[in-house]
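Quick notes on the structure that follows.
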Amino acid sequence: MNKIILNTGLWSAMICLISFIVWIISFTGIAIRSPLFFWTNIEDYIVYINSNSQFFQYLAKSFMIIFSLTYMLLAIVFYEFTIAERKILAKIGIVFSIMFALVSSIHYFVQISSVRFAISENEYSGLEHFLQSNPTSFLSSVNMLGWTLFLGLSTLFMYSGLIPKSGTKGMRLGLLINAVSCIFGGIGYLFQIDLLTFVFMNLGVGLAFFIITISSIRFINALKRKNK
């Protein structure tokens, strides 16, 4: 197989994995350094962020942009591992990965740019509609659309596109776990069942992508050894 394809897949999987590790470190840092925040209103939010360091917040959001883009690249590489009759399924998976990357990147970039700029300049009018911390904000809903529907459908079609064989078992398992997690996470979000959303969108998706990325790294390294 083409070395460019294998190297792209290997680096994409590694960066996806690193991004999730950084997210976990950031999540832990936020929990240790800041009190738990529950959304009430914009005034309480401003007091909270002015009283607590936002370093880990911005670090996590920045790496989620990197994650969404590298997952899109990984999905394109997965397409190269499919057989002819299943390539249409992988193509559909790529389309949804692009939609996920676009929506997610826009959301997180707005958080680390426009939202940060507005807060630093004390311009709070209408800001609550763009805050990730506000679970009912417009942009939070758009982000959840990406993480639940688009990412879920992408991994579901990629799962269907990859043929079951020894080298792809781990990848397919991770893709299936993620698809199921996104479905239940979306249900939890729509019906405001916070525990369901938290478990599936954090633990479920996190577990799925650890399996996907580690299995992808092992599979691609095995292909590279064969090509030598």
Is it true that some residue in segment 136-146 is free of Cβ contacts under 8 Å to residues at least 12 places away in the same chain and not polar (S, T, N, Q)?
yes
Checked against (1) farther than 21 Å from Ser215 by Cβ; (2) touching a Ser or Thr at 6+ places or on another chain (Cβ under 7 Å), Val77 satisfies every condition except (1)
Determine whether Ser97 is more than 27 Å from Phe55 (Cβ to Cβ), of a type in the set (Ser, Thr, Tyr) and in a helix (DSSP H, G or I).
yes
Is it the case that segment 28-51 has a residue that's in a loop (DSSP other than H, G, I, E, B), loosely packed, with under 13 Cβ neighbours inside 10 Å, more than 22 Å from the chain's Cα centre (by Cα) and among the small types (Gly, Ala, Ser)?
no
Single unsatisfied condition, Leu74 versus (1) surrounded by fewer than 19 Cβ atoms within 10 Å (Cβ to Cβ); (2) among the aliphatic types (A, V, I, L, M); (3) in contact with a Cys (Cβ under 9 Å, 6 or more places away or on another chain)
(1)
Before we move on, is Lys91 more than 16 Å from Val205 (Cα to Cα), at pLDDT 95 or above and charged (D, E, K, R)?
yes
Do we have Gly185 as at pLDDT 95 or above, over 25 Å from Lys87 (Cα atoms), assigned to a helix (DSSP H, G or I) and touching a helix residue (DSSP H, G or I) at 6+ places or on another chain (Cβ under 8 Å) here?
yes
Just to be sure I understand, how many residues within segment 123-159 are surrounded by fewer than 19 Cβ atoms within 10 Å (Cβ to Cβ), out of contact with any Phe, Trp or Tyr (no Cβ under 7 Å at 6 or more places or on another chain) and of a type in the set (Gly, Ala, Ser)?
3
What about Thr8, is it in contact (Cβ under 8 Å) with a residue 60 or more places away in the chain and either in contact with a helix residue (DSSP H, G or I) (Cβ under 6 Å, 6 or more places away or on another chain) or on the phi > 0 side of the Ramachandran plot (or both)?
yes
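The values are calculated or read from the model by the stated rules, or taken from the named source; none is laboratory data. All values reported here derive from a predicted model rather than from experimental measurement. FYI the Cβ positions are ideal-geometry reconstructions off the backbone, even for glycines, and counts take in every protein chain you see.
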